[in-house]
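Peer 1: The structure is given below, and queries will be raised subsequently.
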Amino acid sequence: MSRYVGRLALALVIALAAYLVVYRPLQLHWGATRQEVARAMPGDDIQPRPIFNATRAITIKATPEQVWPWLVQIGYKRAGWYGYDWVDNAGIASATRIMPEWQHIQVGDTVPIWEGINFRVAAFEPNRYVVWQSPSGRDSMALALYPVDETHTRLVWRIHNAPYLWMSGYIVAQLFADLADGIAVRENLLGIKRRAEGAPLGTPAMLYLELALWLAAFAGFLVAEAGLVVGRDWIRPLLVVSATALLAIGLILMRPPIWVDGLATFCVFMGLWWMYRGQAAGAVRRRTPAGGFPGPGTSAG
């Protein structure tokens with residue numbers, strides 16, 4: 001039992017280190033410069049001490065006036081989020097055009113974020129920024145436009161979430177958002193960029209294939225963690241756990257071509273095969289008597 005407890009502790013330390021030291025800091029600031037992360041933005045006063053403090057950004061080849069209409073019509077079952085529609089828009093395809101019915105906003109208007117979750121417009125300035133506030137008044141989301149030159153704009157997306165309510169029924173959703181928010185918001189930013197620039201949107205099949213490969217690589221990491229806990233050997237599982245963690249994080253953060261995703265995911269499962277094959281061989285050796293079994297054509301006498 002003490003061996004299992006020690007292995008479980010080691011597995012948890014590796015998982016937490018990979019998340020807190022590598023993945024979380026990078027996904028919280030995807031695309032943003034140090035200056036953008038440090039810069040004050042509208043809505044910061046809503047939650048000055050957030051436990052989840054994310055600032056992401058992207059450069060768009062368009063003016064703020066061209067980007068703004070895509071921002072104000074965002075919303076669940078409205079224009080969508082321009083990302084993973086099956087996840088964040090009830091399977092409804094996000095808008096590919098400016099929708100006049102969603103272009104007029106006022107402070108106090110509600111914006112559906114997800115099923116049963118409505119934020120309100122806390123502040124806005126046309127062509128510059130819009131700030132949404134959670135029903136509790138403790139969380140905020142701000143999208144701001146900063147001109148770079150006459151034809152380029154920086155879109156900065158900041159999220160401030162209050163300390164988590166660990167006894168709340170929403171804690172699972174909060175922790176899931178902490179893990180997956182960076183993936184979703186990055187795709188939202190890219191979706192806005194493509195639409196504002198008039199670029200091809202790509203096919204949903206490739207988008208979800210990419211996501212499926214990332215999930216498969218992450219699942220491989222979890223399986224490797226289980227092997228580290230229950231196996232008697234620890235060198236192979238430790239190597240595979242470390243390698244699969246780095247591969248999964250690398251795929252998600254770097255977003256390589258789809259064929260690289262496929263190759264890396266294949267390597268993850270080859271690593272699992274190598275790990276469990278070694279554990280099975282070790283189990284056979286432990287069950288074999290010290291003298292071994294008599295070989296063919298030999299005599300026991």
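The values are calculated or read from the model by the stated rules, or taken from the named source; none is laboratory data. Model, not experiment: these values are computed from the prediction. Here the Cβ positions follow ideal geometry from the backbone for every residue, glycine too, while neighbour counts run over all protein chains shown.
Peer 1: Looking at the stretch 222-261 only, could you name the residues that are aromatic (Phe, Trp, Tyr) and over 25 Å from Trp86 (Cα atoms)?
Peer 2: Of everything in the stretch 222-261, just one residue is aromatic (Phe, Trp, Tyr) and over 25 Å from Trp86 (Cα atoms), namely Trp234.
Peer 1: Among the residues of the stretch 9-28, what is the count of those that are surrounded by 15 or more Cβ atoms within 10 Å (Cβ to Cβ) and among the hydrophobic types (A, V, I, L, M, F, W, C)?
Peer 2: 7
Here's the yes/no breakdown for (1) touching a Ser or Thr at 6+ places or on another chain (Cβ under 9 Å); (2) of a type in the set (A, V, I, L, M):
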{"position": "Leu26", "(1), (2)": "no, yes"}
{"position": "Gln35", "(1), (2)": "no, no"}
{"position": "Pro48", "(1), (2)": "no, no"}
{"position": "Pro64", "(1), (2)": "yes, no"}
{"position": "Pro69", "(1), (2)": "no, no"}
{"position": "Val72", "(1), (2)": "no, yes"}
{"position": "Ala95", "(1), (2)": "no, yes"}
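Rundown of residues vs (1) out of contact with any helix residue (DSSP H, G or I) (no Cβ under 7 Å at 6 or more places or on another chain); (2) surrounded by 15 or more Cβ atoms within 10 Å (Cβ to Cβ); (3) in the same structural domain as Gly182 (by TED's automatic domain parsing), yes/no style:
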{"site": "Leu228", "(1), (2), (3)": "no, yes, no"}
{"site": "Arg232", "(1), (2), (3)": "no, no, no"}
{"site": "Arg236", "(1), (2), (3)": "no, yes, no"}
{"site": "Ala243", "(1), (2), (3)": "no, yes, no"}
{"site": "Arg255", "(1), (2), (3)": "yes, yes, no"}
{"site": "Ile258", "(1), (2), (3)": "no, no, no"}
{"site": "Val268", "(1), (2), (3)": "no, yes, no"}
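Peer 1: Something else now. For the structure I just gave you, tell me whether Leu26 is assigned by TED's automatic domain parsing to the domain that holds Gly250, at pLDDT below 95 and not aromatic (Phe, Trp, Tyr). Give the steps one after another, and end with the answer.
Peer 2: Numbers: assigned by TED's automatic domain parsing to the domain that holds Gly250: no; at pLDDT below 95: yes; not aromatic (Phe, Trp, Tyr): yes.
Here the answer is no, as Leu26 does not meet what is asked.
Peer 1: Could you please let me know if Gly108 is in the same structural domain as Ser136 (by TED's automatic domain parsing), modelled with pLDDT of 95 or more, small (Gly, Ala, Ser) and within 22 Å of Ala199 (Cα to Cα)?
Peer 2: Details: in the same structural domain as Ser136 (by TED's automatic domain parsing): yes; modelled with pLDDT of 95 or more: yes; small (Gly, Ala, Ser): yes; within 22 Å of Ala199 (Cα to Cα): no.
Spelling it out, it is not the case that Gly108 is in the same structural domain as Ser136 (by TED's automatic domain parsing), modelled with pLDDT of 95 or more, small (Gly, Ala, Ser) and within 22 Å of Ala199 (Cα to Cα).
Peer 1: Now, a different point. Can you find a residue that is within 21 Å of Ile58 (Cα to Cα), surrounded by 19 or more Cβ atoms within 10 Å (Cβ to Cβ) and of a type outside the set (Val, Ile, Thr) anywhere in the stretch 167-178?
Peer 2: No; the residues of the stretch 167-178 include none that is within 21 Å of Ile58 (Cα to Cα), surrounded by 19 or more Cβ atoms within 10 Å (Cβ to Cβ) and of a type outside the set (Val, Ile, Thr).
Peer 1: With Arg120, Arg128 as the choices, which residue is touching a Leu at 6+ places or on another chain (Cβ under 8 Å), on the phi < 0 side of the Ramachandran plot and among the charged types (D, E, K, R)?
Peer 2: Of Arg120, Arg128, the one residue that is touching a Leu at 6+ places or on another chain (Cβ under 8 Å), on the phi < 0 side of the Ramachandran plot and among the charged types (D, E, K, R) is Arg128.
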